[in-house]
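Beneath this line is the structure, given in structure tokens, with notes to follow.
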Amino acid sequence: MTTATRPAPAAAPTGRSALVLRRFLRNGSALTGAVVLVLLFLLAFLGPYLTPWSYSHIDYGALRSAPGPDHWWGTNRIGQDVFAQTVRGLQKSLIIGLLVAVLATGLASLVGACAGYFGGWTDRLLMFCVDLLLVFPSFLVIAIVSPRLRSGGWFAFVALLTVFAWMITARVVRSMTLSLKEREFVRAARYMGVGPFRIIWRHVLPNVASFLVIDATIQVGGAVMSETALSYFGFGVQPPDVSLGTLIASGTGAAITYPWMFFFAAGLLVVFVLAVNLVGDGLRDALDPTAEGAAR
Amino acid sequence: MSPLLDITSLDVDFGGEAAVRDVNLTLDRGEVLGLVGESGSGKSVTALSVLGLLPRNATARGSIRLDGTELLGAGERALTRIRGDRAAMVFQDPLSAFTPVHRIGDQIAEAVRAHRDIGREQARTRAVELLDLVGIPEPALRAKAFPHEFSGGMRQRAMIAMAMAGEPDLILADEPTTALDVTIQAQILDVLRTAQRETGAAVLLVSHDLGVIAGTADRVAVMRDGRIVEQGTAAEVFHRPREPYTRQLLAAVPRIDAPREPRPPTGGTVLKVRGLTRTFPVLKGTVVKRRTGTVYAVDGVDLDVRRGETLALVGESGSGKSTTLFELLELAAPEGGTVELFGQRLGSLTPAEAKALRRRVQIVFQDPMASLDPRMPVGDIIAEPLRTQGADRAAVARRVPELLTQVGLDPAHADRFPHQFSGGQRQRVGIARALSVAPELLVLDEPVSALDVSVQAGVLDLLRRLKEELGLAYLFVSHDLSVVRNIADRVSVVYLGRTVEAGPVDEVFARPRHPYTQALLSAVPLPDPERERERQRSRILLAGDPPSPTRRYDGCRFRTRCPLYVQLTVDEQKRCAHDVPGFEQDGAACHFPRARTVL
């Protein structure tokens with residue numbers, strides 16, 4: 001090793017976020033996942049303008065009709081257009097799934113990292129809340145509260161789903177933080193005078209990112225499913241409004257006899273979850289410098 | 001007579017990658033062969049392949065003959081018969097080599113019974129004899145202890161006792177003293193020599209430490225990148241090395257007896273510590289924690305660092321060196337004693353003052369891999385202290401390439417991650433990070449102890465250069481006295497959390513006054529076979545291990561191991577037992593200081 005004598009180049013060194021983005025963009029399957037997600041959003045939000053039918057309109061002249069030029073994806077039992085319903089449901093499910101996943105994982109990482117990093121009373125108090133929420137019968141609480149939140153619309157519903165989805169993740173993040181806290185690079189940052197929240201943001205969270213990303217991708221599917229379950233029992237998304245979950249639930253019986261009522265909604269859900277997983281894997285590899293296959 | 005161990009053209013691959021290439025070694029009965037090399041040179045792999053202890057993904061070719069019996073490719077049963085009986089192994093980490101749930105004595109007795117057809121009782125008696133032989137006090141009592149109740153040095157002794165149990169013809173010692181302190185290392189090497197004498201066994205001693213090899217080995221083989229580059233008697237290899245690599249290696253070793261040029265006088269005081277104490281509670285219970293005791297980790301440390309000066313804080317593991325550093329860097333009020341940084345007393349700082357102080361004091365850690373965030377590009381790591389101090393984007397962008405150049409790294413590598421660098425380069429990154437905010441005092445916590453000698457020399461050179469260029473003051477914590485000699489201007493020795501001697505390095509190393517300092521200095525092995533053997537005869541061997549820091553000691557805390565104490569009269573001993581020896585600046589905390597030359 002010798003001292004480099006040539007003049008330093010003027011170019012600024014690349015920061016972490018730029019590096020992560022670059023690595024993400026180089027990952028083919030992750031990029032595919034992201035493109036598919038964008039296409040799904042386009043379909044969900046532009047789809048309603050492409051068809052003359054609205055999701056609640058009933059076409060008495062075409063009950064259970066197969067896909068055709070009139071109704072692209074067919075109609076259901078009572079003559080509603082499946083395409084219009086599916087894109088409407090997709091809108092709801094995309095937003096609920098992604099938002100719940102992001103919010104729940106965000107909340108979990110914040111609470112878990114703070115509890116682990118600060119320790120002492122902060123830890124005890126936060127973990128008490130976590131345990132309390134864990135023992136609450138979440139379904140019952142949502143059932144009681146959601147009718148009152150109807151005025152708050154879908155966002156209140158998202159918040160409610162989030163509140164009961166983050167606790168276990170938070171516990172895991174806490175225990176990971178406890179071991180990270182003792183690592184020398186965290187100590188180094190502390191002795192440099194870096195503030196505790198900045199340490200959590202810059203050092204703790206990136207080092208638990210792999211877990212968080214995987215957890216969030218699982219949460220997406222979970223959120224869509226729990227929304228379905230709640231809707232089935234009459235909470236959450238209510239008729240005539242639809243979500244992918246309610247569409248699948250009502251179409252299950254007809255899956256063999258009238259497949260279009262079931263498979264369009266189910267297929268889009270599978271594509272959605274798959275795309276999220278691809279993006280998640282790509283993000284994890286981009287964040288982890290030692291990941292195989294994700295060269296600089 | 002044919003040699004006892006004959007290794008011819010040994011090749012070892014790990015999953016297709018070459019680890020050892022064309023190694024030829026012979027070892028006669030009663031001979032000690034030192035196998036030396038840096039990490040990754042294949043020295044341990046060579047030793048392990050003798051006993052067929054290579055991991056599954058390794059393939060070995062060539063021939064290893066022990067007393068005419070081919071070992072390579074021999075069946076598991078044949079190897080089991082040879083292990084322990086004909087050849088025994090002493091590992092680096094003795095804790096993992098003992099079963100934690102069985103008593104030490106039983107484990108040794110088991111080894112005895114595995115090789116000799118004797119009764120349980122006799123085997124147990126033999127185990128106690130062996131423990132006595134390796135110098136474990138009260139062997140009958142200690143034989144009933146479990147491995148975790150033994151200290152590192154005691155475990156290594158027990159390990160040697162176990163290796164001797166089968167009266168082997170060959171003892172393979174793989175870095176037997178690397179995990180130990182220097183005074184304990186001297187004890188263990190002594191025991192190893194005793195063991196060799198008692199059993200008449202040949203010893204293959206694997207070590208990275210040229211000093212250890214010089215004092216023990218009759219013949220030396222130097223390995224590099226899986227090949228033996230030089231082989232010969234100890235005197236030949238150390239005094240007339242033929243290969244450039246050997247010469248380079250010998251030149252890179254910091255020597256405790258190296259001449260040094262005097263340093264210019266120094267400036268004002270940067271750090272002043274008086275009577276620093278720090279205790280930790282010993283807690284028991286899971287739900288309700290009870291305090292059952294106290295660890296006196298730091299119990300009276302005094303330090304003075306002046307501008308442009310390097311103060312080395314020296315002590316064995318558990319002596320409270322690192323705790324002292326962390327106490328300083330917390331910038332909080334110390335539990336006891338006073339700390340003044342740049343004339344400001346800790347404990348009365350406002351947050352703004354503390355932040356300003358943080359810029360002036362920076363730290364470099366021991367393990368460069370652990371102290372760099374694995375998920376941050378190196379550029380961001382180096383920029384972190386700058387950002388914390390509120391530097392803007394342009395200043396950061398300008399400074400980072402500058403710093404990388406300053407520590408001898410390529411500025412274009414700023415967007416690489418720590419794992420893409422070698423150990424020495426990572427430590428340079430750590431240094432660059434500390435330098436980024438132009439500190440005045442750099443705290444170095446064993447900065448080179450995790451590095452190979454040649455890399456270590458490079459980092460030490462860098463530190464020396466930076467100090468001259470930037471006028472830094474260093475607080476350099478180390479357990480390696482040769483490195484201290486190499487880089488420090490002044491030295492402060494701590495024992496069991498207390499400063500026992502301080503002064504200019506030349507002064508302290510030439511005429512140490514505290515018996516502990518004398519023992520420490522005398523225990524450091526020299527990479528010079530003749531002088532090292534001569535030193536061994538006059539070596540001050542400390543008895544036992546450092547006592548537990550969980551109790552407070554009346555009087556002098558070193559007296560339980562003090563070689564001077566036993567020579568004193570009864571009245572003088574009384575004084576040692578009751579009065580705590582005082583410590584003045586540049587003095588020794590001893591009631592009866594006698595300067596003694598040990599180098």
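Considering every Cα-Cα pair within segment B:279-401, what fraction, in whole percent, is farther apart than 18 Å? Intermediate values should be presented prior to the final figure.
Details: 5061 of 7503 pairs.
Across segment B:279-401, Cα pairs with separations above 18 Å total 67 percent.
Scattering from chain A was approximated by placing one identical point on each alpha carbon and applying the Debye formula without solvent; log10 I(q)/I(0) at 0.07, 0.10, 0.16 1/Å stands at -0.36, -0.68, -1.26. Each stretch of four or more DSSP H residues adds -39500 (n - 2.57); spread over every residue of chain B, this sum gives -11000 deg cm²/dmol at 222 nm. With the simple spin-label model, which puts each label point 7 Å out from Cα in the Cβ direction, the A:THR122 to B:ARG227 separation comes to 5.7 nm.
Association of chains A and B removes close to 3600 square angstrom of accessible area from solvent, both sides included, for a probe radius of 1.4 Å. P(r) for segment A:14-63, from all Cα pairs and a bin width of 5 Å, is 4, 16, 14, 12, 12, 11, 8, 7, 7, 4, 3, 1, 0 %, short bins first.
Between B:THR550 and A:LEU39, the C-beta separation translates, for a Förster distance of 51 Å, into a calculated FRET efficiency of about 0.15.
At the residue level, A:CYS129 shows approximately 60 square angstrom of accessible surface with a 1.4 angstrom probe and all protein chains present. Label point of B:SER538 set 7 angstrom out along Cα-Cβ; within segment B:173-191, no amide nitrogen lies under 17 Å from it. Its residue count N sets the reference 2.2 N^0.38 Å, and the alpha-carbon radius of gyration of segment B:269-520 equals 1.04 times that reference.
Averaged across B:407-413, how many Cβ atoms of other chains sit within 10 Å of each residue's Cβ atom?
Across the residues of B:407-413, the mean count of other-chain Cβ atoms within 10 Å is 4.
Seen against the Cα atoms of chain A and their longest principal axis, helix A:205-232 is set at about 20 degrees.
Which entries of A:LYS181/B:LYS355; B:LYS43/B:LYS467; B:LYS284/B:LYS321; B:LYS289/B:LYS574; A:LYS181/B:LYS284; A:LYS181/B:LYS144 have Cα-Cα distances beyond 28 Å here?
Values: A:LYS181/B:LYS355 21 Å; B:LYS43/B:LYS467 36 Å; B:LYS284/B:LYS321 26 Å; B:LYS289/B:LYS574 39 Å; A:LYS181/B:LYS284 23 Å; A:LYS181/B:LYS144 38 Å.
Those over the limit are B:LYS43/B:LYS467; B:LYS289/B:LYS574; A:LYS181/B:LYS144.
If only the Cβ of Lys and Arg carry +1 and only the Cβ of Asp and Glu carry -1, the dipole of chain A around its Cα centre is close to 980 debye.
Ratio of segment B:184-334's C-alpha Rg to 2.2 N^0.38 Å, to two decimals? All intermediate terms of the calculation are to be shown ahead of the outcome.
Numbers: Rg = 23.2 Å, N = 151, 2.2 N^0.38 = 14.8 Å.
Scaled against compact globular proteins, the figure is 1.57.
Compared with the direct C-alpha span, the chain from A:THR51 to A:ALA156 gains 34.8 nm at full extension, assuming 0.36 nm per residue. Only aspartates and glutamates eight or more places from B:LYS272 in sequence, or on another chain, were considered; those with a Cα closer than 12 Å are B:ASP302, B:ASP304, B:GLU340. Take each residue in B:12-22, count the other chain C-beta atoms within 10 Å of its C-beta, and the mean is 0. Taking Cα centre as origin and charging only the Cβ of basic (Lys, Arg, +1) and acidic (Asp, Glu, -1) residues, the dipole magnitude of segment B:5-252 rounds to 280 debye. Between helix B:529-538 and chain B there is an angle of about 80 degrees, using the helix long axis and the longest principal axis of the Cα atoms.
Taking all pairs of different Cα atoms in segment B:5-252, averaging 1/r and flipping that mean, what Kirkwood radius in angstroms comes out?
Details: mean 1/r = 0.0543 Å⁻¹.
For segment B:5-252, inverting the mean 1/r across all distinct Cα pairs yields 18.4 Å.
Per-residue shielding of B:391-403, expressed as the average number of other chain Cβ atoms within 10 Å of the residue Cβ, stands at 2. By accessible area, using a 1.4 Å probe on protein heavy atoms only, the protein assembly as shown has 56% of its surface on carbon and sulfur. Averaged over its residues, segment B:5-252 has an accessible area of 42 Å² per residue, based on protein heavy atoms and a 1.4 Å probe. When peptides A:29-41, A:262-274 are ranked by their average number of other Cβ atoms within 10 Å per residue, the highest-first order is A:262-274, A:29-41. Look at the dipole of the protein assembly as shown built from charges on Cβ: of A:LEU94, B:PRO418, B:VAL500, the Cα furthest out on the positive end belongs to A:LEU94. Modelled label positions at B:ARG260 and B:THR26, each set 7 Å beyond Cα in the direction of Cβ, lie 4.5 nm from each other.
Largest GNM mean-square fluctuation among A:ILE142, A:ILE256, A:ILE248, using chain A with Cα springs under 10 Å: A:ILE256.
How far, in degrees from 0 to 90, does helix B:182-199 lean away from the longest principal axis of the Cα atoms of chain B, to the nearest 10? That works out to roughly 10 degrees. When you restrict to C-alpha pairs under 8 Å that are six or more residues apart and normalise by the size of chain A, the relative contact order lands at 28 percent. Averaged over residues, the count of other Cβ atoms within 10 Å places the peptides B:427-438, B:77-88 in the sequence B:427-438, B:77-88, highest first.
Each residue, B:ARG290 and A:VAL271, gets one label point 7 Å from its Cα in the Cβ direction; the gap between the two is 6.7 nm. Computed from the C-beta positions of B:LEU568 and B:SER151 and an R0 of 30 Å, the FRET efficiency is 0.65 to the nearest 0.05.
Provide the per residue accessible area, probe 1.4 Å, for segment B:287-397, rounded to a whole number of square angstrom.
On the way: 4230 Å² over 111 residues.
Per-residue value: 38 Å².
By the rule of a C-alpha distance below 15 Å, with chain neighbours fewer than 8 residues away ignored, the aspartates and glutamates paired with A:LYS92 are A:GLU227, A:ASP241. Annotation: Cα Rg of segment B:454-599 relative to the compact-globule expectation 2.2 N^0.38 Å equals 1.16. Overall, segment B:269-520 carries a charge dipole of about 640 debye about its Cα centre when +1 sits on the Cβ of Lys and Arg and -1 on the Cβ of Asp and Glu, all other atoms neutral. Averaged over residues, the count of other Cβ atoms within 10 Å places the peptides B:336-347, A:86-97 in the sequence A:86-97, B:336-347, highest first. The string of couplings for segment A:90-98 from the Karplus curve (6.51, -1.76, 1.60, θ = phi - 60°) is 4, 3, 4, 5, 4, 5, 5, x, 5 Hz, one whole number per residue in order, with x for Gly and Pro.
Per residue, the convex hull around the alpha carbon atoms of the protein assembly as shown comes to 231 Å³. The Cα trace of chain B gives Rg and Dmax of 25.7, 79 Å, the first to one decimal, the second as a whole number.
The values are calculated or read from the model by the stated rules, or taken from the named source; none is laboratory data. All figures in this text were calculated on a predicted structure; none of them were measured in a lab. Glycine also receives a Cβ, built like all others from the backbone with ideal geometry; neighbour counts cover every protein chain displayed. Side chains included, ligands, DNA and RNA excluded: accessible areas come from the protein's heavy atoms. Shrake-Rupley method; radii C 1.70, N 1.55, O 1.52, S 1.80 Å.
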